[in-house]
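Please read the structure below before turning to the comments.
The values are calculated or read from the model by the stated rules, or taken from the named source; none is laboratory data. What you see is a predicted model, and the numbers here were worked out from it, not measured in a lab. Neighbour counts run over all protein chains shown; Cβ positions are idealised from the backbone, glycine included. Protein only, heavy atoms only, side chains kept; ligands, DNA and RNA dropped before computing areas. Shrake-Rupley method; radii C 1.70, N 1.55, O 1.52, S 1.80 Å.
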Amino acid sequence: IKVMQDVKEYAVNRAVFPAKPVKKMSDQYFVYNVADNFRTAHDFRANATESNGIDSVALSQNVYVMAEHSLHRYVSDRDRENADTAINPDMDAVEDVTTVLARNKEVACARDVFTSTAFAASNRVVLSSNAWDLDTTTSAIIDDIDTGKGVILRGIGRLPVGLCVGFNTWQDGIKDHPDILDRIKWSERGVISEDIAAMVLGLDSITIGRGIQRTTNYGISQTTGFIFQSAALLYYNESSPKLRSSNLGVTFQKSEPSIQNIRDDHRKADKIEVSWTYDHRLVLTASGYLILSTD
């Protein structure tokens, strides 16, 4: 049985925190001093003289500390005996457990990144209420994105590559926004996909947070809500991050998720356990720009 890693509903954390395989549970990682990104030097070399030298790029250091994240579900002998042909109780258990683990990662991403306290005042903005809704006459989504691009470019010398948004922001603000439709009306069918919207906004990708979480405790009436609400995040990340990085975020992980099948004879069942060992880290907040109150 393979672990289901690509849970489409929980894709924002993979965009914001791309995986970096590492060997140690805890170690240093390095962050470029953004001021060194913009230095110049006198490079003219006279005849028969040495070239001028430059100092090494300054790096700051931080430490990641991975933790194991594990959940399990029991599959009994009776479950297997009574399962219909099309049902695989063991696979169902793996998928159920993996989905909860993926949801937990998405919730942690929302908690750590989609909050004003994660960014300096220069790298965040709070728009007027429902600023990107279609019924708001002052909606200026392209201008807002361009402002964020300029902030990131001036901060790290690189343009952002992606945008993460909540489902309502996509549905009520971006997907049918007249400014975006106006730019594609002569070349497209007027149907906005994530790829087309990203192209119009000058980005590589748009990731939509479609994840749902329960917001009430068990035992009382169930209430659910979107994990990502009323926010958009512009970011610069490399798809294959390095230990010396200008990434907004990185997931340091020792290995891929693993499965253990542990027999419990007293229960007449097997404990199907899935484990992830990782640490997701905000590396360089200058590589992000958070837009709040989008819907």
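Output the number of residues of segment 112-146 satisfying the condition of being at pLDDT 95 or above and aromatic (Phe, Trp, Tyr).
1
Do any strands (runs of 3 or more DSSP E) lying entirely in segment 153-253 carry at least 3 residues that are more than 27 Å from THR99 (Cβ to Cβ), and which ones are they?
In segment 153-253, there are no strands (runs of 3 or more DSSP E) which contain 3 or more residues that are more than 27 Å from THR99 (Cβ to Cβ).
Are there any pairs, at least 6 apart or on different chains, whose C-beta atoms fall under 6 Å, with the first in segment 235-248 and farther than 10 Å from VAL16 by Cα and open to solvent by 10 Å² or more (accessible area, probe 1.4 Å) and the second at pLDDT below 85 and assigned to a loop (DSSP other than H, G, I, E, B), and if so, which?
none
Within segment 156-169, track down each residue that is open to solvent by less than 20 Å² (accessible area, probe 1.4 Å) and not polar (S, T, N, Q).
Matches in segment 156-169: ILE156, PRO160, GLY162, LEU163, CYS164, VAL165, GLY166.
Give ALA108, ALA11 a once-over and let me know the one that is open to solvent by less than 80 Å² (accessible area, probe 1.4 Å), under 15 Å from VAL250 (Cβ atoms), within 27 Å of the chain's Cα centre (by Cα) and of a type in the set (Gly, Ala, Ser).
Just a single option satisfies the conditions, and that option is ALA108.
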